[in-house]
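Down below is the structure, laid out as structure tokens.
All of the numbers you see were taken from the coordinates with simple rules; none came from a lab. No experiment lies behind these values; they were computed from the predicted model shown. Using ideal geometry, Cβ is built from the backbone for each residue, glycine included, and neighbour counts are taken over all protein chains shown.
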There are 2 protein chains.
Amino acid sequence: MEHSTYQKLVVAAANLLRQKGYAATGISDILKTAGVTRGSLYHHFPGGKRDLAIAAARYSAELLLDMIEAACRKAHSEGGDYHDAMIEFCKKIYASFEKNGNWRFMTVSATLQEGGERNEIFSKEARKHYARIRMKAIDEGGKFGLSAEASYLPLRKAMLILEGSWLLSRVLGDTMPMRSAVKFIEEEKLFHELRQQAQLQISHDETLS
Amino acid sequence: MEHSTYQKLVVAAANLLRQKGYAATGISDILKTAGVTRGSLYHHFPGGKRDLAIAAARYSAELLLDMIEAACRKAHSEGGDYHDAMIEFCKKIYASFEKNGNWRFMTVSATLQEGGERNEIFSKEARKHYARIRMKAIDEGGKFGLSAEASYLPLRKAMLILEGSWLLSRVLGDTMPMRSAVKFIEEEKLFHELRQQAQLQISHDETLS
DNA sequence: CCCTGTGTAGACCGAATGGTCTAGTGCTGT
DNA sequence: ACAGCACTAGACCATTCGGTCTACACAGGG
């Protein structure tokens, strides 16, 4: 990991918050995991737990964006299309889930889920991160010659499936839902191809008539 | 609501747990919401919070099964197919989400998510409920003449999308993800039809050759 | 040499948490 | 009338929570 106290705190917080959620994660947990004492935390994060959670969410979102970018780059270099990139992205997440529990994913939604009443600060942060993810999708999709919508919708669907299956896998203590998420996202590529064929078919028919 | 103290506790707990999660929901919250005092709670649920959460999860799972059943019945009576039932199911959940925040859904995964270390009791409960949902899907799909797998997979996919979008909608404080979940699940019907056509196409070609 | 600023250490605090315990209420069958 | 019971009420407890505060370590500049 990183060696600065600040970084140690963010990394530890990101992991714990993702695993247990905001309310269940105690400051002491984070301090113990990070090997840091209370004074340091409140020096770097005057706002306490809230500040730290926001920093952790930002860090996690960064990792997620990197994964998306890497998956797209790989698909590109292997001659695949945008849907191949989505599959690659999903498989990466599954692999890391299978290996280390749930580490390195499901950043924003899990991290910023404070119990109880609407927390406008956290919601605003979350919206910011998801907007960035959206922009990244549009950007990467564009490199495959896709429109903004054709870039964003597949990623959104993949994200929903992944978040759902991640949630489930965590509750059940079983990676099966994550595995089926991979299958579902592989299916999406087929779906997309079939839809294209069907549209070709239609325009063909229309040309004939 | 129900009038027995036991029922009042279960209903209040189910709502609060779903909204805020296990760790963030205090016993006092539940008592206040239910209009019940501490002694009563520990009379009906000697195991305290844990017992109550398990009962709440069971209750929520029951509601979910009812919703699935109702959606299938409606699709049947209107001459629709199994995918129409999934769409109906999803729309119902979206409608109730739109109306009362997040009430009456996302039972098991949210309710039984205790922070921290693997909680084998909760996981076992969750597995039990999801197994029941699976059986219900197979049962209902059978009435539409579908195989077990063809019954279960669409529901699983719908559930994953719904859980993901529910999670997101809650964090963002915006029903948009739920709305897109409805669209995605409507898409599934089209996907299924296209796939059937393609398979017919293939078997046709094979017959010709 | 001290002074100042950045960062660390951990004792300490009030509030809130989940859980226990005793007293009491009101309905039951006898 | 009374004993037995299921149930309710809420004071009480130990623990833990997030957060504050003072003391200290140790740089670099004068």
> How are the C-alpha pair distances of chain B spread across 5 Å bins, as whole percents from the shortest bin up?
Replying inline: 1, 7, 13, 17, 17, 14, 11, 8, 5, 3, 2, 1, 1, 0, 0, 0
> For the protein assembly as shown, what does the alpha-carbon gyration tensor say about shape, rounded, prolate or oblate, given a ≥ b ≥ c as the root eigenvalues, a/c under 1.5 as rounded, and a/b over b/c as prolate?
Replying inline: oblate
> So what's the gap between the Cα centers of the range B:156-192 and the range B:139-155, to the nearest angstrom?
Replying inline: 20 Å
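Sorting A:30, B:161 on the 10 Å Cβ count, fewest up front, what's the list?
In increasing order of surrounding Cβ atoms, one gets A:30, B:161.
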> When only Cα pairs under 8 Å and 6 or more residues apart are kept, what is the percent relative contact order across chain B?
Replying inline: 20 percent
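Is the shape of the range A:1-57 rounded, prolate or oblate, going by the alpha carbon gyration tensor and its root eigenvalues a ≥ b ≥ c, with a/c under 1.5 for rounded and a/b larger than b/c for prolate? Working shown, then result.
Values: a/c = 1.42, a/b = 1.22, b/c = 1.16.
Rounded, because the longest to shortest axis ratio a/c is under 1.5.
Give me B:43, B:76, A:129, A:3 sorted ascending by neighbouring Cβ count inside 10 Å, so fewest comes first. Don't jump to the answer; show the numbers that get you there.
Numbers: B:43 10, B:76 16, A:129 23, A:3 7.
By the 10 Å Cβ count, ascending, the order reads A:3, B:43, B:76, A:129.
Strictly over 26 Å apart at the Cα level, which of A:91/B:74; A:99/A:124; A:8/A:143; A:74/A:183 would you flag in this model?
Values: A:91/B:74 37 Å; A:99/A:124 32 Å; A:8/A:143 36 Å; A:74/A:183 19 Å.
A:91/B:74; A:99/A:124; A:8/A:143, as the Cα separations exceed 26 Å there.
In what order do B:42, B:94 fall by count of nearby beta-carbon atoms within 10 Å, going from fewest to most?
Working: B:42 14, B:94 21.
Ranking B:42, B:94 by Cβ neighbours within 10 Å, fewest first, gives B:42, B:94.
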>> Compute a Gaussian network model of chain A, connecting alpha carbons closer than 10 Å, and tell me which residue from A:159, A:67, A:176 fluctuates the most.
In response: A:176
> In deg cm²/dmol, rounded to 500, what helix-only [θ] at 222 nm does the protein assembly as shown give when every DSSP H run of at least 4 residues adds -39500 (n - 2.57) and the total is split over its residues?
Replying inline: -27000 deg cm²/dmol
> To the nearest 10 degrees, how steep is helix A:120-143 against the longest Cα principal axis of chain A, on a 0 to 90 scale?
Replying inline: 40 degrees
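Per-residue mean of other chain beta-carbon atoms within 10 angstrom of the beta-carbon, peptide B:169-179?
Numbers: counts 1, 5, 17, 10, 8, 4, 0, 2, 6, 1, 0.
The shielding value for this peptide is 5.
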